[in-house]
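For reference, the structure is listed below as structure tokens.
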Amino acid sequence: MAVGKPRSGGSRAEAEERLLVQAAQKDPGRFAELYERHFEQVYAYIIRRVRERVVAEDLTSEVFHKALSHLANYDWRGIPFAAWLLRIAANVMADQWRRSSRETLLEEPPEMATNPNMDEIDQRARLFRLVEALPTDQRRVVEMRFAEGRRIREIAEALGRTEGAVKQLQFRALQNLRSKLEGAHA
């Protein structure tokens, strides 16, 4: 079940991750370290496919719940732990689609990648971290505008600001994100 290719940078990071997995298998309380390390990757993978924040959050939670409950069965084979989590995520999304398709026949199943692009997932996870690091007002505007799909007018009303102020906050936030993204590639 090789999902994606193993990341380079390899042996030290792989050995560290393997030790974390083994520690969590012996003491489930140590699973929190794996959760923290991989949450953004799993969330980025899911949100790209379901596009609804609340559903993505629920499914991400379900992925980690299943991973924790099946961790004793996980066998290290040199494949990144994230690949195992993404396989669980694909199955959780398929199950969700089957459940929801019984309720409504109008939706299409989410895209299920058999070989997820780890670089793309890491890039999305990095973007989520950068958005979280924005000043509060800028972050709220970005989340409301792009994650929730609200219009400028709706955001202005919700925040008690003028539409011009919301546009300015959005502009500054995007400029801020762009400079941080370009700075990382330089």
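Tabulated data
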item	result
Tabulated pairs, segment 29-41, first within 14 Å of Thr60 (Cα to Cα), second β-branched (Val, Ile, Thr), C-beta under 9 angstrom, 6+ apart or interchain	Leu34/Val21; Phe39/Thr60; Glu40/Ile121; Gln41/Ile121
Matching residues in segment 49-59 - criterion: being crowded, with 17+ Cβ neighbours inside 10 Å and touching a residue at least 60 places away in the same chain (Cβ under 8 Å)	Arg49, Val50
Verdict on Phe81 being modelled with pLDDT under 90, out of contact with any strand residue (DSSP E or B) (no Cβ under 9 Å at 6 or more places or on another chain) and either within 30 Å of Arg145 (Cβ to Cβ) or of a type outside the set (Val, Ile, Thr) (or both)	yes
Unmet criterion (only one of (1) assigned to a helix (DSSP H, G or I); (2) surrounded by 15 or more Cβ atoms within 10 Å (Cβ to Cβ); (3) at pLDDT 75 or above; (4) among the charged types (D, E, K, R)) for Arg124	(3)
Residue check for Arg12: loosely packed, with under 15 Cβ neighbours inside 10 Å and either in the same structural domain as Leu127 (by TED's automatic domain parsing) or not in a helix (DSSP H, G or I) (or both)	yes
Residues of segment 129-154 satisfying the condition of being modelled with pLDDT under 75 and under 14 Å from the mean Cα position of the chain (by Cα)	Ala147
Scope segment 127-137; condition in a helix (DSSP H, G or I) and over 27 Å from Ala83 (Cβ atoms); matching residues	Thr136, Asp137
Count of segment 60-75 residues which are surrounded by fewer than 12 Cβ atoms within 10 Å (Cβ to Cβ) and either under 15 Å from the mean Cα position of the chain (by Cα) or assigned to a helix (DSSP H, G or I) (or both)	3
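The values are calculated or read from the model by the stated rules, or taken from the named source; none is laboratory data. Bear in mind the structure is a predicted one, so any value in this text is a computation, not a measurement. All Cβ positions, even for glycine, are placed from backbone atoms using ideal geometry, and neighbour counts span all protein chains on display.
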